[in-house]
1. Put a dot 7 Å past each Cα toward the Cβ at Leu259 and Ala43; how far apart are the dots in nm?
2. Can you give the relative contact order of the range 457-516 as a percent, counting alpha carbon pairs under 8 Å and 6+ residues apart?
3. Roughly how many Å is it from the Cα centre of the range 14-80 to that of the range 649-704, as a whole number?
4. Please work out the FRET efficiency for the pair Trp558 and Lys28, using the Cβ-Cβ distance as r and a Förster radius of 45 Å; give the result to the nearest 0.05.
5. For the range 534-589 and the range 358-387, what is the centre-to-centre distance using only Cα atoms, to the nearest Å?
6. Could you run the Karplus curve 6.51 cos²θ - 1.76 cosθ + 1.60 with θ = phi - 60° over the range 335-347 and give me ³J(HN,Hα) per residue in whole Hz, x for Gly and Pro?
7. Over the range 479-608, calculate the relative contact order: mean separation of alpha carbon pairs under 8 Å at least 6 apart, over the residue count, as a percent.
8. Where does the charge balance sit around Lys554 when Lys and Arg score +1, Asp and Glu -1, over other residues with C-beta under 10 Å from its C-beta?
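Quick note: the coordinates plus some simple rules give every number you see, no bench work behind them. Just so it is clear, the structure is predicted and the values come from calculations on it, not from any experiment. A quick note on method: Cβ atoms are made from the backbone with ideal geometry, for glycine too, and the neighbour counts reach across all protein chains shown.
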Amino acid sequence: MGKKQETNPNSEYGEPAQFDPTFNGPIKKRGCTDIICCILFMAVILGYIAVGILAWLYGDPRHVLYPRNSTGWFCGTGPNKNRPNLLYFNILKCATSINVMASALNGLQCPTTQVCVEKCPSTFWGVGSYFPGSKPADTFNQSLCVPSIDLANTDLTVQQIVDKELCPFFHVPTISVLGRCLPDITALGDPSYFSNIQDLSSSANDTINIIKYGTGDIVNGFNARDIGVRIFEDFASSWPWILLGLLIAMVVSMLFLLLLRFTAPVMVWVLIIGVLGAGAYGIWHCYWEYDNHKKNSATITDIGFTTNFNVYLQVQETWLAFLIIISVAEAIILLTLIFLRTRILIAIALIQESSKAISHMMSAMLYPLITFVLLLVCVAYWGATALYLATSGGPIYRVVALNSTMSGCSSINGTMDCDPQNFTSSDYPGCPSASCIFIKYNDEGLFQRNLFNLQIYNAVAFLWCANFVIALGQCTLAGAFASYYWAFTKPDDIPMFPVYGGFMRSLRYHVGSLAFGTLILTLVQIARVILEYIDHKTREAQNPVARFILCCMKCCLWCLEKFIKFLNRNAYIMIAIYGKNFCVSAKNAFMLLMRNVVRVVVLDKVTDLLLFFGKLLVVGGVGVLSFFFFSGRIPLPGNTFRFETLNYYWMPIITVVFGSYLIAHGFFSVYNMCVDTLFLCFLEDLERNDGSLQKPYFMSKNLMKILNKSNKAKKKGRGED
């Protein structure tokens, strides 16, 4: 009865594939599919290029790359080429009005005078108590004042210069961060720096104390600059060994996948027996705990209800419940293994067959590099376009009173436009602290008014392109591995350059189908992003019901995205083999999988278990090896590398572990695609053929042996053992 169900699937999920005597793998004669979606995708790409060109024409990334002083000139370029750093006269105004680092990326809307300087001040200094005879040239540093004032020939007093913010009335030790002179919090935490500061004005003293005591405690515990330098030194001295560790990870990943051809059965059954053994130990431990607490007469009625959950572990009912749950789970797993043992053997055989396929086309293991490069291009283009769009508008300057408490400054509210290069505070005699300050970028033009929409277009086009690159790789590999399965005599019938052939077929005929599938996935991802944005913006106003609804919606969209990725993946396999459009391929793949749903689940879980174990083996093994090496437990002869030179030996270890995971993920993604492709081909093979002389099976002898099937006509070279 069971065998009849396998050979005659339920017609509810479509009719089985029919025998075609001319079929021997990915068809050669095919036409373009989903042309409308292909045209739409090309139009979006052309529009994306146009947006990039407009952004390049109108944008000026110098707004972000270079700081701008109060007169509108960039520091580090043009007339300020030798003055690359920007100094804030009163950094506290920036800190109290907006976040300094955020403003560094958005035009520096800081209500204080800013000048370009050659070097950031590295000492404490402040104007002494005001005396009528003080000379500006003896009080201020000319290099830190605005270029328009000549301290040696000015008629202004020290007080007038301070009121107009023509020179800083104090400065603290600073360091250059993104071209901005920001307080050196290390120096602020050292009280010895303050010992030589005397006779400061009260406002300078107050400001310095605020900066000192507000940041000193943080700095005493963490010196970000020194740590960054030390980490850089570690990378500089250990990079050859980091590359060696990544090379070892690559070799181990490749060997693991190739050795699955011989070790897959042992590994799968060891893992399964390990799960059963863990369950058996759990049953024994729960019974032992239950028996001990039963002898002590500890029951749940003695403790009642309590929020201390550790108390519940001291009663017999808790361990009895654990005993029942683990026993039931163990029985279910054991019965499942008994009834699905044949399907587990099929999954193991397909995994072994995948290793054979990869050994015959090793170039497939290098294809993730092409995907990585294309994704890198997409990310770089998106980032550059976003940067140029963000800086497309010209800067707008407004008159702002730097000291709003002074009389005559109340009428200056930042609504009057000005030109910082031609601005003079003498035009506002009632407010000597009036200054021309950058407010925002111009958003009045047609292009500038649509910058937000263009940024949305940039993000959507990027998601579509990135998903298309991944889909192109999946379809390419599927075509290569399908040509291996449908080669009757392996490896003689495998076509030359199967990966190149799969890539050219996908790019020539199926751009539209790949774009169709990735468009659906992109729309779901956009919906998830919008939902996350709504959740973030309304988090404070949400009640428990709203949070529950949003959580359910996010969960549903996450499941939908996973399902679409699964469906697209199998649709691309059918496209690579038969060359039909996306909808037909997705339908045929889904129906084929539903007719063999139990095999799908078993293969998926067995493959996931093996690949998880493989990643754990690669990453864990290379990580342990790097730990023993970089910590000095594995010394090298001849003092080739001394771990004592490392400041933080865990940084190269983390780098090696993270890189090993990426390498293993790249190799195993190819292997996973091979397993999925061969599985669909195997299911089609069972439905198309019956092992007779006219309709022989294309599967390996190992698979036929597991299924108790054979070919009537024995041909030399049929498959591999």
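1. Roughly 5.5 nm, to one decimal.
2. Rounded, it is 41 percent for the range 457-516.
3. Going from one Cα centre to the other spans 31 Å.
4. 0.65
5. Each part's Cα centre sits 24 Å from the other's.
6. Couplings: 5, 4, 5, 5, 7, 10, 4, 5, 5, 5, 5, 5, 4 Hz.
7. Relative contact order of the range 479-608: 25 percent.
8. -1
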